[in-house]
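**Student:** Okay, handing you the structure first.
The values are calculated or read from the model by the stated rules, or taken from the named source; none is laboratory data. Quick caveat, the model's predicted, so the values are computed rather than measured. Positions of Cβ are backbone-derived with ideal geometry, glycine not excepted, and every protein chain shown enters the neighbour counts. When the accessible area is computed, the model is the full protein with side chains, heavy atoms only, and any ligands, DNA or RNA have been set aside. Shrake-Rupley method; radii C 1.70, N 1.55, O 1.52, S 1.80 Å.
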Amino acid sequence: MNKNKSNRLMPLVMAACVVVGIVIGTFYTSHFTGNRLSIINTGGNKINNLLHIVDDQYVDTVDINKLVEDAMPQILAELDPHSVYIGAKDVQAANDDLRGSFSGVGIEFTIREDTIRVQNVVNAGPADRAGVKAGDKIVSVDGKPFVGKVVTNEEAMRRLKGAKGTKVKLGLLGYGEKKVRFVTVTRDDIPQRSISATYMINDNTGYIKVKSFGENTYPELLISLAKLSQEDLQNLVIDLRGNVGGYMMAVIQMVNEFLPKDRLIVYTQGRKSPRQEYRSDGRGSYQTIPLVVLIDEGSASASEIFAGAIQDNDRGTIIGRRSFGKGLVQQPMAFNDGSMIRLTIARYYTPSGRCIQKPYTSGADKNYEDDLMTRYQHGEYFSQDSIKHEGPVFHTSIGRPVYGGGGITPDIFVPEDTLGVTSYYKEAAMTGLILQFAYDYTDSNRAKLNEYTDMKSLHDYLNKQNIVERFVVYADRKGLRRRNLMIRKSHKLLERFIVSRIIYSMLDEEEWTKCLNMDDPAIEKAFDVFRAGKSFPKKPVEMKKGRKGDKTAVVMSNARYGNKRSYAAYMPLTK
């Protein structure tokens with residue numbers, strides 16, 4: 001009986017042994033024969049298995065965490081130009097610009113000759129309370145020398161920033177001082193303003209400069225508008241030049257202030273993101289004020305949402321140069337280690353339906369990276385006729401033609417001012433000599449300059465100081481040879497650059513902006529529009545009916561601005 005039972009079980013035992021042998025053999029074959037790996041051929045498993053194999057079998061010891069950190073940006077770069085990976089140590093810095101505040105000591109500094117030079121001190125901030133002054137050199141931090149090659153922007157930020165309430169001891173050398181003085185600064189929240197200038201640019205026209213769209217930009221806008229409204233505000237200029245964007249909800253709230261009820265502001269749509277529309281609620285307090293928006297090639301993302309919403313709703317006039325062309329929406333996603341990605345999940349579309357994202361290809365796209373330089377070389381910054389419109393034509397609420405596929409094209413084009421640009425000026429600017437001179441001049445003359453507390457008085461004083469000649473002598477000592485003909489040709493540009501930087505160092509960003517706006521051609525165009533009562537675009541004149549073969553001039557929507565392409569060629573009409 002037992003023998004028969006054993007005979008019956010024997011085939012099962014043998015089969016089990018065969019299966020176990022196959023599994024063991026497959027394991028050793030796979031483990032030790034690199035060209036016969038059996039890996040599930042899916043992306044995620046393949047990457048995980050690759051990292052496991054490298055960690056297990058590579059000839060040298062490998063830091064797998066570093067390998068992953070290096071690979072993440074490369075993987076995202078294969079998707080589009082704006083999906084990015086941010087390491088844990090860089091997340092705070094990446095987010096600080098858009099937050100309402102950050103914790104630190106409250107100074108603005110520059111690094112010269114391997115030493116931190118305090119350029120400005122936040123009024124009533126931690127450093128100001130501790131006795132730090134503009135012009136001081138920081139030579140030690142927490143009892144350790146901080147000069148020489150170790151002084152980089154990243155290292156300075158790491159040492160000076162910190163949690164609110166923590167302390168940092170600074171060793172300082174004032175101008176002309178030989179003995180180091182020590183102060184202890186208690187870190188605190190430092191307001192991060194995204195609106196850098198608010199003032200009346202003439203008797204009835206207000207001006208607001210928006211640097212970015214952050215957490216507090218909308219409340220800042222309301223404060224700015226309230227301030228201007230107390231000063232006989234009748235026209236408004238919003239300057240978005242150089243504004244690279246920020247939070248989408250901030251710009252939606254801002255546009256809402258200027259639109260009537262139920263106007264489409266923007267909509268987003270992606271493969272996994274159904275169409276989502278954002279409309280005005282009719283509660284805005286400035287729905288009828290004449291409005292001009294300034295943009296240029298540095299205006300991107302949220303700036304383009306703002307300009308596109310105003311243009312497509314025929315709510316105001318856009319002045320400047322074609323904007324950057326970023327129409328992709330990123331969503332931040334955090335990892336457990338504190339790192340994060342900003343992944344493109346949708347495209348945004350202006351009210352007329354145009355996506356203003358300029359063309360790109362997956363992977364490292366050199367053409368995309370060099371686009372602004374290509375525009376410059378093509379002459380787009382100097383002639384509206386050089387703008388290349390890609391993609392279909394769209395139409396605003398009253399039928400004006402607008403274009404997608406590469407930024408917002410302004411209603412009124414203002415070329416970049418190149419009058420007076422010479423090779424001498426370019427070298428002086430690009431080598432940083434102008435900035436160096438402005439800082440040294442400010443530092444050497446701070447006591448006298450402190451007598452002037454507003455832009456106009458300081459500007460008038462500096463214009464009497466033969467500032468360009470002083471710079472030329474300084475630059476010659478630094479290796480930039482004097483070129484008298486070029487200096488005469490570039491005199492106005494040199495003076496403007498130098499004087500504005502000294503004003504920036506002595507006063508603040510708003511006074512600096514006032515200085516730059518004094519002879520700004522885009523501002524002058526805005527005045528022209530307001531004086532003519534044409535900030536609200538008019539409906540294009542429709543083509544008149546005629547007999548077959550008749551030729552009738554067609555007046556385009558921008559004819560009233562004297563554009564060279566205001567009149568189409570005579571075209572045959574049919575009944």
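**Student:** Just the residues that are under 23 Å from T418 (Cα atoms), in contact (Cβ under 8 Å) with a residue 40 or more places away in the chain, open to solvent by 60 Å² or more (accessible area, probe 1.4 Å) and assigned to a helix (DSSP H, G or I), please, taken from segment 429-464.
**Tutor:** Result: L435, single match.
**Student:** Now, a different point. Any residue in segment 556-568 that is more than 24 Å from F382 (Cα to Cα) and either at pLDDT 50 or above or touching a strand residue (DSSP E or B) at 6+ places or on another chain (Cβ under 9 Å) (or both)?
**Tutor:** Looking through segment 556-568, none of the residues is more than 24 Å from F382 (Cα to Cα) and either at pLDDT 50 or above or touching a strand residue (DSSP E or B) at 6+ places or on another chain (Cβ under 9 Å) (or both).
**Student:** Sticking with this one: Is it the case that E257 is out of contact with any Pro (no Cβ under 7 Å at 6 or more places or on another chain), within 26 Å of I412 (Cα to Cα), among the acidic types (D, E) and surrounded by fewer than 20 Cβ atoms within 10 Å (Cβ to Cβ)? Reasoning before the result, please.
**Tutor:** Numbers: out of contact with any Pro (no Cβ under 7 Å at 6 or more places or on another chain): yes; within 26 Å of I412 (Cα to Cα): yes; among the acidic types (D, E): yes; surrounded by fewer than 20 Cβ atoms within 10 Å (Cβ to Cβ): yes.
So E257 fits the description; yes.
**Student:** Does segment 298-354 hold any residues that are among the aromatic types (F, W, Y), open to solvent by 20 Å² or more (accessible area, probe 1.4 Å), closer than 20 Å to F213 by Cα and not in a strand (DSSP E or B), and which are they?
**Tutor:** Passing the criteria: only F324.
**Student:** Right, another one. Filter segment 383-406 down to residues that are open to solvent by 70 Å² or more (accessible area, probe 1.4 Å) and either basic (K, R) or without any contact (Cβ under 8 Å) to a residue 40 or more places away in the chain (or both) and give me whichever is farthest from K358 (Cα to Cα).
**Tutor:** The selected residue is V393.
**Student:** When segment 355-372 is examined, which residues are found to be within 21 Å of G270 (Cα to Cα) and surrounded by 15 or more Cβ atoms within 10 Å (Cβ to Cβ)?
**Tutor:** From segment 355-372, those within 21 Å of G270 (Cα to Cα) are 355-363; that's our starting set.
C355, I356, Q357, K358, Y360 - these are the residues of segment 355-372 that are within 21 Å of G270 (Cα to Cα) and surrounded by 15 or more Cβ atoms within 10 Å (Cβ to Cβ).
**Student:** Only strands (runs of 3 or more DSSP E) wholly contained in segment 94-158 count here; list those with 3 or more residues that are under 30 Å from V84 (Cα atoms) and in contact (Cβ under 8 Å) with a residue 40 or more places away in the chain.
**Tutor:** Those strands (runs of 3 or more DSSP E) span 101-104, 107-112.
**Student:** How many residues are touching a residue at least 60 places away in the same chain (Cβ under 8 Å) and either farther than 22 Å from K514 by Cβ or acidic (D, E) (or both) if we restrict to segment 240-269?
**Tutor:** 12
**Student:** For Y199, indicate whether it is open to solvent by less than 70 Å² (accessible area, probe 1.4 Å), in a strand (DSSP E or B), touching an Asp or Glu at 6+ places or on another chain (Cβ under 9 Å) and of a type in the set (S, T, Y). First the steps, then the outcome.
**Tutor:** Details: open to solvent by less than 70 Å² (accessible area, probe 1.4 Å): yes; in a strand (DSSP E or B): yes; touching an Asp or Glu at 6+ places or on another chain (Cβ under 9 Å): yes; of a type in the set (S, T, Y): yes.
In short, yes.
**Student:** Further question on the same structure: Which members of segment 270-283 meet the condition of being in a strand (DSSP E or B) and surrounded by fewer than 16 Cβ atoms within 10 Å (Cβ to Cβ)?
**Tutor:** Residues satisfying the conditions are Q276, E277.
**Student:** What pairs can you find where one residue is in segment 323-348 and free of Cβ contacts under 8 Å to residues at least 40 places away in the same chain, the other is of a type in the set (V, I, T) and in a strand (DSSP E or B), and their Cβ atoms are less than 6 Å apart, with a gap of 6+ or different chains?
**Tutor:** Taking only residues 6 or more apart or on different chains, the pairs are Q331/I345; M333/I341.
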